[in-house]
Amino acid sequence: MTGKRPAPMTGKRPAPLDLLVMPAVLVAGTAMWLLHAQAWDVGGRSPILNYDTAQVALAARELAWHGDLATPFALPVELAHRGAPPWPLAAVQPGLVLVEAALFRAIPARGGFAGSDPRAAFTLLLPFVCFLLAGAGLALMVRHVALRWWPEVPPWARAAAALVAGLAFVLDPEAQHFAIGGFTELPFTVGLMLALFGIALEVPSARPLRYGLLLGVTGLFRANMLWLAPVLAAAAAWSAPAGRRPRVLALVLLGYALPLAPWWFYKWREFGSPAWDLTRFVVWDGIGGRTWFSLYHQPALPVLPHGLAAVALVAAKVARNLPGLIGDMLMGPRGVWLGGLAGWLALARPPRPLAAAAIAAIVAAALGMLGAAASIPWMRYLFPTRIVLEPIGMLALAALVASLPRASVTSAMRGTLLALLAVIALGWGAWSSLRGLDEARASSRERGVPSTHTLTALSIVLNERIPAGEPIMSNLGPALAWQTNHPVVHLALAPEDVEPCRRRLDFRNIVLAFRDPRAAWGQWGEVMAREGLARTLPLGVAHETRFQSQDGFTVVWLELGPRAPALADAR
């Protein structure tokens with residue numbers, strides 16, 4: 001590479017075929033979004049807000065109504081830090097909270113209502129836009145990369161590559177799922193996609209501070225940018241001309257820190273550390289008999305191993321979980337794309353910006369797998385890096401095929417191989433999408449959260465008998481807090497843990513809602529199965545109400561008596 005200013009990203013004027021690609025991807029993406037939303041019956045059998053998305057929406061509504069970066073929902077472990085609501089944000093990043101708060105401010109609603117807040121639908125806006133933006137933007141970025149580094153590629157081949165990349169994204173069922181809820185994955189994915197393709201297009205060398213700001217804004221949506229940012233900054237610096245690398249690295253890191261500095265200050269002020277995050281405890285899930293429930297559903301910080309013993313335990317957990325995650329990452333044609341990417345890096349000797357982007361994508365995916373293996377080994381936590389790594393691998397494999405020696409591979413054979421890659425990508429996407437729709441229909445009928453109708457009816461009943469602002473304990477958690485506009489503490493680990501929770505927060509109502517008593521954890525399953533059992537437990541139950549919902553949930557409402565004087569005086 002030389003020290004010359006990079007070529008403009010737009011390259012040549014778009015060919016007619018290029019102009020057809022983005023509309024085709026946008027139409028296909030909209031159709032897949034509608035099909036997936038219908039399969040889940042969003043707003044019907046499946047509430048718009050689930051456990052994860054309701055946490056963000058609650059914090060956004062609190063910010064819009066009261067100007068506080070706080071939430072009326074807490075896990076029992078959070079009572080160890082603060083007893084009275086609202087509670088500081090311990091488990092969500094601020095990016096989506098800020099966006100949704102702006103929407104709620106623009107479309108205000110009076111507080112204190114009973115029933116469903118219709119503005120829940122506005123939490124779908126940004127994920128839907130990011131879903132279409134990622135698909136169409138991916139197609140556009142593939143076009144730019146082809147123009148920048150392979151200008152000899154015919155316009156029809158360039159348009160075909162862009163179309164395949166964009167369609168493969170919108171056909172991904174996991175991308176569709178994150179687009180029908182207020183999740184942070186898609187906004188983060190858009191930022192990561194721009195960051196990686198930006199390196200390939202030499203953007204950091206020309207605009208390092210702006211590139212760093214992109215990383216910082218992306219980091220407002222998911223905390224894992226904290227360890228991805230140094231990787232991307234190093235790749236950006238390495239791709240720059242030799243004399244500019246220290247400056248690029250410094251400015252990228254500075255730009256990354258600027259948007260996040262207020263958030264880090266908030267964490268330091270509220271929790272004593274800018275890096276504090278409640279989700280760090282999930283590392284201990286599955287270690288020493290600990291579970292997600294035992295870690296988060298007691299009103300005290302868990303006692304955890306430390307030092308070399310802690311490192312050994314976590315390393316053993318990673319070793320157990322990593323093989324399964326690697327297998328999932330290589331499933332289907334993913335292994336082909338990753339193998340092609342490795343072969344392209346080894347054989348094609350690509351220009352440094354392309355190599356830097358590819359290596360950064362591989363390292364990001366590896367770090368993502370390590371993080372998932374150390375916490376909860378679910379593929380959903382690998383989605384942002386996986387969904388960006390796949391088109392990079394497809395593009396690299398296509399470039400490798402196109403560079404095969406003409407003496408041994410004819411043009412017809414080369415074209416056949418490239419067409420086969422496109423068929424594999426789109427065929428896998430279509431098959432996965434159809435399977436995802438079938439799974440969505442089945443899951444929507446068996447999901448562990450009541451329907452929108454049931455939640456609305458329950459919230460009306462509760463608000464008629466519970467004074468405004470009085471906290472509730474419930475396994476429905478943030479979904480019930482959204483519906484009732486009451487502070488909600490998630491259900492304690494066991495009935496004997498309710499009393500320690502009441503020492504920190506006085507509540508007099510426990511609402512249980514499970515489709516099957518066996519789905520309730522610990523002794524709560526017995527409370528669900530046997531009417532009257534709650535009165536024999538150390539809960540102080542004054543009245544018990546039971547009813548069945550139309551969607552098959554058993555609701556048990558336990559009204560507790562006043563705390564005993566000794567309990568009331570305890571602190």
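The values are calculated or read from the model by the stated rules, or taken from the named source; none is laboratory data. What you see is a predicted model, and the numbers here were worked out from it, not measured in a lab. Every residue, glycine as well, gets a Cβ built from its backbone with ideal geometry; the counts of neighbours run over all protein chains shown.
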Checklist entry - What's the number of the condition ALA442 fails, among (1) without any contact (Cβ under 8 Å) to a residue 12 or more places away in the chain; (2) closer than 28 Å to ALA479 by Cα; (3) surrounded by 14 or more Cβ atoms within 10 Å (Cβ to Cβ); (4) not β-branched (Val, Ile, Thr)? => result (3)
Checklist outcome for this item: If we ask which residues in segment 377-417 are surrounded by fewer than 14 Cβ atoms within 10 Å (Cβ to Cβ), part of a helix (DSSP H, G or I) and of a type in the set (A, V, I, L, M), their number turns out to be 2
Item to check | Failed criterion for ARG406 (all others in (1) within 28 Å of the chain's Cα centre (by Cα); (2) modelled with pLDDT under 95 hold) | outcome: (1)
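Could you tell me how many of the residues in segment 232-257 are exposed (fewer than 15 other Cβ atoms within 10 Å of the Cβ) and hydrophobic (A, V, I, L, M, F, W, C)?
So the count comes out to 1.
Residues are listed down the side, and each one gets a yes or a no for (1) touching a helix residue (DSSP H, G or I) at 6+ places or on another chain (Cβ under 8 Å); (2) polar (S, T, N, Q); (3) in the same structural domain as PHE183 (by TED's automatic domain parsing):
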| site | (1), (2), (3) |
| --- | --- |
| ALA357 | yes, no, yes |
| SER375 | yes, yes, yes |
| TRP378 | yes, no, yes |
| ARG386 | yes, no, yes |
| PRO391 | yes, no, yes |
| ALA407 | no, no, yes |
| ARG441 | yes, no, yes |
Checklist outcome for this item: Those residues of segment 374-388 that are touching a Phe, Trp or Tyr at 6+ places or on another chain (Cβ under 7 Å) and under 11 Å from ASN224 (Cα atoms) come to a total of 1
Checklist entry - For segment 15-130, which helices (runs of 4 or more DSSP H) that fit wholly inside it have 3 or more residues that are of a type in the set (A, V, I, L, M), assigned by TED's automatic domain parsing to the domain that holds GLY182 and more than 28 Å from SER549 (Cα to Cα)? => result 16-40
Checklist entry - Scanning for something among the β-branched types (Val, Ile, Thr), over 19 Å from LEU228 (Cα atoms) and in a helix (DSSP H, G or I), does segment 351-371 turn up at least one residue? => result no
Item to check | Failed condition for GLY95, given (1) over 20 Å from THR218 (Cβ atoms); (2) under 21 Å from the mean Cα position of the chain (by Cα) | outcome: (1)
Checklist entry - Restricting attention to segment 352-374, which residues are surrounded by fewer than 24 Cβ atoms within 10 Å (Cβ to Cβ) and either in contact with an Asp or Glu (Cβ under 7 Å, 6 or more places away or on another chain) or at positive phi (or both)? => result none
Item to check | Residue selected from segment 76-107 under the condition under 18 Å from ASN485 (Cβ atoms) and touching an Asp or Glu at 6+ places or on another chain (Cβ under 8 Å), by the criterion modelled with the lowest pLDDT | outcome: PRO86
Next on the checklist: For segment 352-373, give me each residue that is within 21 Å of ALA223 (Cα to Cα) and either free of Cβ contacts under 8 Å to residues at least 24 places away in the same chain or of a type in the set (Lys, Arg) (or both).
Outcome noted: ALA366
Next on the checklist: Tally up the residues in segment 295-343 that are closer than 29 Å to GLU174 by Cβ and either among the small types (Gly, Ala, Ser) or outside the structural domain of PRO384 (by TED's automatic domain parsing) (or both), please.
Outcome noted: 11
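For every residue, the table says whether it meets (1) in contact with a helix residue (DSSP H, G or I) (Cβ under 9 Å, 6 or more places away or on another chain); (2) over 24 Å from HIS177 (Cα atoms); (3) in a helix (DSSP H, G or I).
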site	(1), (2), (3)
THR454	no, no, yes
LEU458	yes, yes, yes
GLU464	no, yes, yes
GLU470	no, yes, no
MET473	yes, yes, no
LEU480	yes, no, yes
Next on the checklist: Among the residues in segment 218-237, are any assigned to a loop (DSSP other than H, G, I, E, B) and over 30 Å from ASP277 (Cα atoms)?
Outcome noted: no
Checklist entry - Any idea which residue in segment 418-433 is farthest from LEU347 (Cα to Cα), counting only those that are loosely packed, with under 15 Cβ neighbours inside 10 Å and more than 29 Å from the chain's Cα centre (by Cα)? => result VAL423
Checklist entry - Taking the condition more than 30 Å from ASN475 (Cβ to Cβ), touching a residue at least 12 places away in the same chain (Cβ under 8 Å) and surrounded by fewer than 14 Cβ atoms within 10 Å (Cβ to Cβ), does LEU347 pass? => result yes
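Filter segment 202-218 for residues that are surrounded by fewer than 21 Cβ atoms within 10 Å (Cβ to Cβ) and more than 17 Å from HIS144 (Cα to Cα) and give the result.
ARG207, LEU209, ARG210, LEU213, VAL217
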Checklist entry - Mind checking which residues of segment 17-65 are surrounded by fewer than 19 Cβ atoms within 10 Å (Cβ to Cβ) and closer than 17 Å to THR484 by Cβ? => result ASN50, TYR51, TRP65
Checklist entry - Condition test on ALA162, is it of a type in the set (Gly, Ala, Ser), at pLDDT 95 or above, within 22 Å of ARG45 (Cβ to Cβ) and assigned to a helix (DSSP H, G or I)? => result no
Next on the checklist: Would you confirm, using the coordinates I've provided, whether GLU499 is in a helix (DSSP H, G or I), surrounded by fewer than 16 Cβ atoms within 10 Å (Cβ to Cβ) and in contact with a Pro (Cβ under 8 Å, 6 or more places away or on another chain)?
Outcome noted: no
